[in-house]
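To start, the structure under review is shown below, and the notes come after it.
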Amino acid sequence: MEIYRHACPRNCFSTCGMLSYIEDGKLVKVSGDAKHGYNQGRLCAKGYAYTQYVYNPYRLKHPIRQTPRGSGNWKRITWEEAYDCIADKILELNERYGSNLASGYNKFSGNIGLLHYAVEGMFNSIGPHTKPVGNPCLITGEQAMRKSFGQMNRMMPEKMAEMNAIVIWGANPAVTNVHQMKFILQARQKGAKLIVIDPIFTRTAATADIFIQINPGTDRWLALGVAKLLIESNMYDEEFVRNQTVNWEEFHQYVTEQVDLHEVCRETGISLDVLCELLSIYSMPKPCATWIGFGIQRNENGGQNISAINTLAMLGCQSGQENRCVYYSHSGIDDFPVNLLNHEGPVHPIVQHSREIDINNFAENASKLVEPPLKFLWIALRNPLSQDQDFQAWESLMKELELIVTVDLFMTKTAEMSDLVLPAASHFEEMDVNVSYWHHWLSINEKAISPYYEAKSDLQIARELMEKLNERFPGFSNFPSEREPIDWIREELTPSVKKLYSIESIDDLLESPRLRGEEGKNLSSSAFKFRLFSEENTDTSTYSMNREKTDVEESYPFQLLTPQSLLKIHSQYEAMPWLNQGAEQAVVELSEYAAEKRGILEGDKVELFNPNGKIAAIARISRFLPQKVILVNQAGKNPINRLIAHKPQENPGKSSMNFYDSSVNIRKWCETNG
Amino acid sequence: MRQMVKQMGFVFNVDLCFGCMACEIACRNENQTDSTVRWRKVSRLTDDTFLSVSCNHCNSPECFRVCPENAFTKRGDGIVQINSDLCTGCGLCIEACPYGAPQYDPVTQKASKCQMCYPRQDRGLPPACVESCSTEALTFVDLNTFCDKKIVGSIPGFPDTRLTNPSIAFYPATERKRYFLK
């Protein structure tokens, strides 16, 4: 039996070290890599299901073409035919419009290995084109963290095990970051208190010593309320405030004059004695970790929420700031050149730059493009017709597109609406190198098996397609097709990366994943200055505690939350029978209050609707949901994101998608509704 | 039943389990069982606790008692095995087991169940489920020698243990505070 080393490439905090066990060229088993210090030889349920992922009967085997689009009339074609069809279109559009701006892509996080930036590299190599910018997931929070701290924190998540208290705001690691739970529970076993603040009684909340349920999106009021109590009872760190904050007086005045504890309680739904309980945690002169989840920033007040929580976390705990840690994310990729992403293409005589579109409003913005319009769209590592917002905009964009190509392992909702679908390789079938957006480990991903049927990696597709273009039109692309995956990986391991991870060559990574060294400077250095919460650095200063009810809120009184579920990541893993058997029917969780108001019983077929559309689902009544919250899992046959559509954001490329600012109504299913 | 030299058994710490199901799928990864066959099952025990349970390799296994083919044996280390060559798939063990341990396998048309990864144990490795448990909520010990005052023989929600004397011990849940919205 052969054993290979891998990194799980999913859009997940854990980016686990993984081993594959190969018999006669077939993957027969996986295990965690015991040399990986974060996942420590274990995987999650999804990770343990990888044999079913690789040899799944629904996996795409060959390039296929559908005529007409959306008909389901698929025909198998050869890679040659696929490349010819794509090259024809790119070249024809180039001739028609005099540039490649009519060609573009939409790509995100289906595989976060560094070599999957081949998609960007491929498009860069043909000169100016149309590309998405921004990040639907976590950028609002990242901006807020940088505003507060001046930089991203670099605390190792393993250190949570040494804390005396861990306060989790809006994260659910029991579902989304399973391997962090051991560090949290290790601390808890040593006597630490685990506090979870969330609108949902999550699996993490169930594990907590103290669970505090909060009205969604109101975290900043809770944080500011507790901060006010800290200040009033003189339990904050005065030395820190004096030496290392930049706007204490302004903040102090704001808290004194603007933060009213009665309003805090009314807005958050949390009583004063619970605020005091949180005060006792944050005033404890012992190490305390605060973890801010991405859920906090999926609404229009996301940046404010995070700024307020940061402020509370840094003010408290009188024994010095080394005892205070705020976790959000780790920008591990910043250490790397990411050569594929940053590949420089040929200069165009007239068009100087690519056209950039905010990824969070891609479809609508792309539809508006003129001179030239967008005509060819390449979709890879993404399933927008399940996971993006505003499907109606996608549907109208697609009508204007002359060619849609999707690269995926499975027939996704997006692939179903494409002209060409190209089969992608799994991470067992390609080489790659991975870092995490949470922990500090660097892992190599070896190629362990031949690609499944005719599947290819994104990099391989880029190499071959660009070569094909150059055969037809010499010099069209400057993509270095001759370069092998290992060459790209070697180039990522720059001298500074090698120093940071204490490696000499790629061989060291083949031996073991490596931990990033800690830099000398940390938050206690005197140069560090912290920016306390202030209204001027908030996204929407007009936010009012006593919002007047709008017509929309009257007609669609329920807030829709769509968090991750345990056995999927977004729309991935749906086809694994070990994980998601019989999960065909969408389930909607509603409160007892909502059920009573609408006359809905457990198990009833219901309809969830708003102006964007409707979906049918089976009702599950929860005793623990806030009255006006409705919870639906992502993806599935009729994805819930059909009901999510948002106005363009003010800072293109600088905010996450406000997925949780969606309003819906619910009623019992009636055939005549349909 | 005679006293075994050893009695390997699972110890389940309710406080450390958050229902991630890694153990259940790690079992499938190791044993490549059919999608309908669940040798280990994770379920919700109460509103805030979970239970992960497989065959408990009982001291007085009902499967052993009811099987007309005498397909079950108990090894010296206490592991209850099923000999699939002898199994006719009659399903009596499936009905008799209080823990739902034996599973009907539609592919082989026989009963099958957790064998505590004895091939792994024989090589000095822990069962796959135990290895996969990131918080060590699920461990395994020799219950004949294991001693900890904090453990209990059963927890609320677990089936009656009197009939079969299962080889499982528990650390019960500690108290937790809940502040729900009114």
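The values are calculated or read from the model by the stated rules, or taken from the named source; none is laboratory data. Please read all numbers here as calculations on a predicted model, not as lab measurements. Neighbour counts are summed over all protein chains in view; Cβ atoms, including those assigned to glycine, are modelled from backbone coordinates with ideal geometry. Just so you know, the surface numbers come from the protein's heavy atoms only, side chains and all, with ligands and any DNA or RNA stripped out. Shrake-Rupley method; radii C 1.70, N 1.55, O 1.52, S 1.80 Å.
Before moving on, here are some points about what is shown:
- Using a cutoff of 8 angstrom between alpha carbon atoms and counting only pairs six or more residues apart, the relative contact order for the range A:551-673 works out to 38 percent.
- Dipole moment magnitude, nearest 20 debye, the range A:139-328 about Cα centre, only Lys, Arg, Asp, Glu C-beta charged: 780
- Nearest-ten-degree value, helix B:22-31 long axis tilted from longest Cα axis of chain B: 20
- Exposure check, 1.4 Å probe, all protein chains in place: residue B:155 carries approximately 10 Å² of accessible surface.
- Between residue A:43 and A:32, the built amide H atoms are under 5 Å apart, and every one of these is 5 or more places off in sequence or on another chain.
- Contact order normalised by residue count of chain A, Cα under 8 Å, 6+ apart, percent: 20
- Amide H contacts for residue A:130 (H built 1.01 Å from N in the peptide plane; partners 5 or more residues away or on another chain; cut-off under 5 Å): A:103, A:104, A:105, A:355.
- Reference-scaled alpha-carbon Rg (2.2 N^0.38 Å with N residues) for chain A: 0.97
- Here residue B:47 sits with roughly 60 square angstrom of accessible surface, probe radius 1.4 Å.
- 1.4 Å probe accessible area per residue over the protein assembly as shown, in Å²: 39
- Surface calculation, 1.4 Å probe, protein heavy atoms: residue A:515 sits at approximately 60 Å² accessible.
- At an R0 of 25 angstrom, the distance between the Cβ atoms of residue A:392 and residue A:96 translates into a FRET efficiency of 0.35.
- Note on the protein assembly as shown: dipole from Cβ charges, positive end direction compared against A:309, A:21, A:470; the farthest Cα belongs to A:21.
- Degrees between helix A:139-149 axis and first principal axis of chain A (Cα, 0 to 90, nearest 10): 50
- Along the axis of the charge dipole computed for chain B (Cβ charges of +1 for Lys and Arg, -1 for Asp and Glu, origin at the Cα centre), the listed residues B:90, B:7, B:107 are led at the positive end by B:7.
- Rounded D (µm²/s) - the range B:8-171, Kirkwood Rh over Cα pairs, Stokes-Einstein at 25 °C, 0.890 mPa s: 153
- Amide hydrogen neighbours beyond the local backbone of residue A:111, cut-off 5 Å, H modeled: none
- Too-long pairs where the Cα-Cα distance tops 25 Å, listed order kept, from A:447/A:654; A:375/A:413; A:654/B:182; A:413/A:468; A:107/A:447: A:447/A:654; A:654/B:182; A:413/A:468
- Contact order, relative form, for the range B:8-171: 34 percent (alpha carbon pairs under 8 Å, 6 or more residues apart, mean separation divided by residue count).
- Ignoring the sites themselves, chain A has its longest run without GluC sites (Glu not before Pro) in a DSSP loop having at most 11 other Cβ atoms within 10 Å at A:1-343.
- Cα gyration tensor category, rounded, prolate or oblate, for the range A:2-54 with a/c compared to 1.5: oblate
- Dipole magnitude (debye, nearest 20) for the range A:81-232, charges at Cβ of Lys, Arg, Asp, Glu: 740
- Global form of the range A:139-328, assessed from the alpha-carbon gyration tensor, a/c cut-off 1.5: rounded
- If only the Cβ of Lys and Arg carry +1 and only the Cβ of Asp and Glu carry -1, the dipole of the protein assembly as shown around its Cα centre is close to 1960 debye.
- Rounded to the nearest 10 degrees, the angle from helix A:391-400 to the longest Cα principal axis of chain A is 20 degrees.
- Entries in A:75/A:131; A:29/A:605; A:182/A:647; B:6/B:149; A:193/A:637 that, when Cα-Cα distance is taken, lie over 32 Å: A:29/A:605; A:182/A:647; A:193/A:637
- Considering only B:56, B:22, B:135, the residue lying farthest towards the positive end of the dipole of the range B:8-171 is B:56, judged by Cα position with unit charges set on Cβ.
- Within a straight-line Cα-Cα reach of under 19 Å, residue A:190 can be paired with the following aspartates and glutamates, leaving aside sequence neighbours fewer than 8 residues apart in one chain: A:158, A:162, A:209, B:15, B:136, B:148, B:175.
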